[in-house]
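The values are calculated or read from the model by the stated rules, or taken from the named source; none is laboratory data. Just so we're clear, the structure is a prediction, and the values are computed from it rather than from any experiment. In this analysis, Cβ positions are derived from the backbone assuming ideal geometry, glycine residues included, and neighbour counts consider all displayed protein chains. Protein only, heavy atoms only, side chains kept; ligands, DNA and RNA dropped before computing areas. Shrake-Rupley method; radii C 1.70, N 1.55, O 1.52, S 1.80 Å.
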Amino acid sequence: MNLSRSSCYAIYAVVDMAMSGGRRVTVASVADRHGIPPGALAKVFQHIVRAKLAVGVRGVGGGYSLSRKPSDISLLEVIETFQAPRFTDRAMLPVDPPGPDGGMACHRVLALFDEMDETIRTRFASVSIADLIR
């Protein structure tokens, strides 16, 4: 499974906000710390705010802070801000593949992907941002 670049940037941003002790963080400070292009990170912060995981304040002394306690935000919430709810891609397998088994092998593979997807989602949901900064 691959996380999108935006999902990874969002995790860095949310972890930095959680580690800030309630102080606001800026796009520039997070970008410098992690070597992320500031323009890309600014867009990530906008999505994080739209998802109501953080709040932003403009102007001098502005920046971003989490909208909830780190223990109340799961890693899955952060990832799903940028990833589709499904981590596996059903499009890579044909819907009705030809073959003597009538596509049963394909359906078994899809069922396995569904099971793996649920396992991944459950694991990410079980990890809070507070867990990551401990």
Using the Kyte-Doolittle scale, find the helices of the chain whose mean hydropathy is at least -0.5 and whose Cα atoms extend 15 Å or more along the helix's long axis, counting only whole DSSP H runs. 5-19, 38-50, 104-125
Net charge near residue 43: determine it from the other residues with C-beta under 13 Å of the C-beta of residue 43, scoring Lys and Arg +1 and Asp and Glu -1. +2
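How high is the FRET efficiency between residue 3 and residue 105 when r is their beta carbon distance and R₀ equals 25 Å, given to the nearest 0.05?
Details: r = 29 Å, r/R0 = 1.15.
Rounded to the nearest 0.05, the efficiency is 0.30.
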Under 5 Å, built H, 5+ apart or other chain: amide partners of residue 73: 129, 130
If each Cα of the chain is one equal point scatterer, what is log10 of I(q)/I(0) from the Debye formula at q = 0.10, 0.12, 0.20 Å⁻¹? -0.41, -0.54, -1.10
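Whole number in Å², please: accessible area per residue of the chain, 1.4 Å probe, ligands, DNA and RNA not counted.
For the chain, the per-residue accessible area is 61 Å².
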Simple spin-label estimate for residue 50/residue 123, 7 Å along Cα→Cβ, in nm, reads 2.9
